[in-house]
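K.L.:
Questions regarding the structure given below will be posed in turn.
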Ligand code: GLA
């Protein structure tokens, strides 16, 4: 989380006034442990909220607009409260918060005029869900400013943030990222059933092992269009299975049913969805009994399936996870998030972390010419208002 006094200092530099009436909010990014690309196929997924995320300093004003600024991104997007909130190309990144404001307005929420300054410590374009974080952050901020927190519990915050991404931004994402950002819990992973949008918390701990996030530093170019394409393919695969048996979701197909799909591409997509669902179940069992090696093996299998059947990894993520697996003390590694670049994760013996990072960075650079970055990750709480010391 960005240091609150730095954030407030920047807010005052930009908008003037005193710090007394400035409020602070935070929403985390997420990492997905396993259950990739099945949150739009009715599957179970296992994400965790991170300590990294986006913060907002906010002050209510008398104007009839919402002014925004950001430490990390250029421009001063605004939202006019006297007209309908529509997507505007020129608003750039400001469309993410604007989309959430629109969803709130559509639900009859009276939006308060305010000035907002955002600052994040999530690596940019790395697939740790900065877009879900800014959406959930906006939803929490605007509902709190309007005194509506009781009307919008965290699950509703997640759903309306997802709706903003689907309808306003035009990315047909599932519910996982917004849910994790809104409902994360310290030291826990979230076992989320995306059919019912309900979850339970699973303590995330392998004694003697750490979770490492590895940034490939390959930006996720074209990811949004490929993402929508994969989603459409899953719907087509489901239609193909339904000719013989009416199942609600692709993950409910049997392995035989997936192998019967005539189109080879759709067959592979369905094979990934069905096998990934079973890996999530087994991963939760490994977590419950503290079996890091079993969990790591499932991470490796998940990556293979995303590479060969779902085809969303790419040269860099394959090279990075290969490099990680060949290091001493690594139980397993896989890409995380949408793919096509971004981040991977590994489960690594804590006493071998230094050697692991050195070896993986060296091998990855030799294979791709790129420099990987590493973060040791802790699971943290979901979006919240931040109370300042003494406040
Ligand atoms: C992105 C989407 C999620 C999910 C993952 C892949 O992060 O926003 O809904 O589909 O990709 O698991």
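The numbers here are math on the coordinates, done by the rules we state, and not lab data. None of these values were measured; they are calculated from a predicted model. Note that each Cβ is placed from the backbone with ideal geometry, even for glycine, and that neighbours are counted across all protein chains shown.
K.L.:
In whole Å, what three semi-axes, largest first, describe the equivalent ellipsoid of the chain built from its Cα gyration tensor (square root of 5 times each eigenvalue)?
P.N.:
Over the Cα atoms of the chain, the ellipsoid semi-axes are 35, 25, 19 Å.
K.L.:
Let me ask something else. Among 186, 218, 167, determine the one that fluctuates most according to a GNM of the chain built with springs between C-alpha atoms less than 10 Å apart.
P.N.:
Per the Cα network of the chain with a 10 Å cutoff, 167 tops the list.
K.L.:
Using Cα atoms only, what is the angle between the long axis of helix 95-106 and the major principal axis of the chain, expressed in degrees (0 to 90) to the nearest 10?
P.N.:
Once rounded, one gets 70 degrees.
K.L.:
Next question. Could you compute the FRET efficiency for residue 156 and residue 13, with r as their C-beta to C-beta distance and R0 at 51 Å, rounded to 0.05? Display every interim value, and only then the final one.
P.N.:
Details: r = 35 Å, r/R0 = 0.68.
That gives a FRET efficiency of 0.90.
K.L.:
State, as an integer percentage, the relative contact order of the chain based on alpha-carbon contacts under 8 Å between residues 6 or more apart.
P.N.:
23
K.L.:
While we're on this one: Could you tell me the relative contact order of the range 136-208? Use alpha-carbon pairs under 8 Å, at least six residues apart, and round to a whole percent.
P.N.:
Normalised by residue count, the contact order of the range 136-208 is 23 percent.
K.L.:
In percent, what relative contact order does the range 209-377 have, based on Cα pairs under 8 Å that are 6 or more apart in sequence? Kindly include the intermediate steps, with their values, before the conclusion.
P.N.:
Details: 275 pairs, mean separation 57.5, N = 169.
Rounded, it is 34 percent for the range 209-377.
K.L.:
Between residue 304 and residue 219, 0.36 nm times their residue separation minus their Cα-Cα distance comes to what?
P.N.:
Here the answer is 28.5 nm.
K.L.:
Per DSSP helix of 4 or more residues, -39500 (n - 2.57); summed, then divided by the residues of the chain. What does that give at 222 nm, rounded to the nearest 500?
P.N.:
Values: 11 runs with 153 residues, N = 391.
The helix-only estimate for the chain comes to -12500 deg cm²/dmol at 222 nm.
K.L.:
If the elastic network links every pair of Cα atoms under 10 Å, which of 372, 150, 324 fluctuates the most in the Gaussian network model of the chain?
P.N.:
Its mean-square fluctuation being the largest, the pick is 150.
K.L.:
Something else now. Can I get the semi-axes of the range 209-377's equivalent ellipsoid? Compute them from the C-alpha gyration tensor as square roots of 5 times the eigenvalues, in angstrom, largest first.
P.N.:
Values: eigenvalues 196, 74, 24 Å².
So the equivalent ellipsoid measures 31, 19, 11 Å along its semi-axes.
K.L.:
Could you give the angle, 0 to 90 degrees to the nearest 10, between helix 264-289's Cα long axis and the longest principal axis of the Cα atoms of the chain?
P.N.:
Value to nearest ten degrees: 80.
K.L.:
Test of understanding: in a Gaussian network model of the chain with alpha carbons linked when under 10 Å, which of 359, 188, 37 would top the mean-square fluctuation ranking?
P.N.:
Ranking 359, 188, 37 by mean-square fluctuation puts 359 first.
K.L.:
What is the projected area of the convex hull of the Cα atoms of the range 97-233, averaged over all directions, in nm²?
P.N.:
10.2
K.L.:
When the chain is fully extended, how far beyond the present Cα-Cα distance does residue 63 get from residue 200, taking 0.36 nm per residue of separation?
P.N.:
Details: separation 137, 0.36 × 137 = 49.32 nm, distance 4.24 nm.
That pair, residue 63 and residue 200, stretches by 45.1 nm at full extension.
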